[in-house]
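Any read-out appearing in this document is the output of simple, stated calculations on the displayed coordinates, not a laboratory observation. All values derive from a computational prediction rather than experimental measurement. Don't worry about glycine lacking a Cβ; one is built from the backbone with ideal geometry, like all the others, and counts go over all protein chains shown.
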Amino acid sequence: MNCIFCQIINNEISSYIIYEDDLVKVFLDIKPQVNGHLLMVPKKHYVDILDIDINIIKQMYIINQQMYLLLQKTFQAKGVTFVQNNGYCQEVKHFHIHIIPRYMDDNKLKPKYVNKNIIPLDKVHKQLLSNL
């Protein structure tokens with residue numbers, strides 16, 4: 001399969017892993033909108049919301065809570081946006097959830113503010129892991 005997320009899950013492509021269990025993997029987005037932008041993917045390949053097992057979604061939202069707390073602790077995030085695209089707007093056809101921390105100065109992620117003052121991923125990774 002030529003799915004980039006499956007390759008990350010199988011460690012064929014390196015990633016900055018923040019969390020992993022038997023069902024899901026959470027890692028840093030390589031093109032973050034803001035510092036701490038995470039992606040959560042199920043380890044089994046599901047295309048979209050119509051394809052995925054409801055029990056996997058439940059587990060993913062339990063982990064979303066944990067990641068939100070981690071982002072608050074590490075980067076003092078003031079909120080979080082969870083984004084899950086389906087169909088034509090889904091760039092990677094593997095179910096995934098963007099976990100995007102929100103900050104007072106992110107201006108609701110309007111384009112001119114996206115990628116502003118991004119810290120290198122290796123530093124973000126170390127900061128997050130130190131707070132787990």
Per residue of segment 95-103, what does 6.51 cos²θ - 1.76 cosθ + 1.60 with θ = phi - 60° give for ³J(HN,Hα)? Whole Hz please, x for Gly and Pro, Karplus curve as stated. 3, 7, 10, 7, 10, 10, x, 10, 10
Starting from the 7 Å offset along Cα-to-Cβ, what nm value, one decimal, do you get for the label separation of Asp122 and Tyr88? 4.2 nm
Report, as a whole number in µm² per second, the diffusion coefficient that Stokes-Einstein gives for segment 4-130 at 10 °C and 1.306 mPa s using the Kirkwood radius over alpha carbon pairs. 106 µm²/s
Here the cysteines of the chain lacking a cysteine partner under 4.7 Å (Cβ to Cβ) are Cys89
Determine the sum of side-chain charges near Ile9: Lys and Arg each +1, Asp and Glu each -1, restricted to other residues whose C-beta is under 11 angstrom from that of Ile9. +1
Unit charges on C-beta of K, R, D, E only; dipole of the chain, Debye: 540 debye
Using the Karplus equation 6.51 cos²θ - 1.76 cosθ + 1.60 (θ = phi - 60°), what ³J(HN,Hα) coupling, rounded to whole Hz, does each residue of segment 78-84 give in order, writing x for Gly and Pro? 8, x, 8, 10, 9, 10, 9
Using Cα pairs under 8 angstrom and six or more residues apart, how large is the relative contact order of segment 4-130, in percent? 30 percent
Once amide H atoms are built 1.01 Å from N in the peptide plane, which residues 5 or more positions from Thr81, or in another chain, come under 5 Å H to H? Ile100, Arg102
Fully extended contour minus Cα-Cα distance, from Asp22 to Ile56, at 0.36 nm per residue: 11.2 nm
Could you work out which residue, out of Ile30, Ile18, Ile100, moves most in a Gaussian network model of the chain, that is, has the largest mean-square fluctuation with Cα springs under 10 Å? Ile30
Report, in degrees rounded to the nearest 10, the 0 to 90 angle that the Cα long axis of helix 54-75 makes with the longest principal axis of the chain. 20 degrees
Along the charge dipole of the chain, which of Ile118, Tyr61, Tyr46 sits closest to the positive end, that is, farthest toward it, with unit charges on the beta carbon of Lys, Arg, Asp and Glu (+1, +1, -1, -1)? Ile118
If r is the Cβ-Cβ distance from Lys43 to Thr81 and R0 is 25 Å, what FRET efficiency results, to the nearest 0.05? 0.60
Kindly write out, for segment 124-132 in residue order, the coupling ³J(HN,Hα) from the Karplus curve 6.51 cos²θ - 1.76 cosθ + 1.60 (θ = phi - 60°), rounded to whole Hz, with x marking Gly and Pro. 4, 4, 4, 5, 5, 5, 5, 9, 6
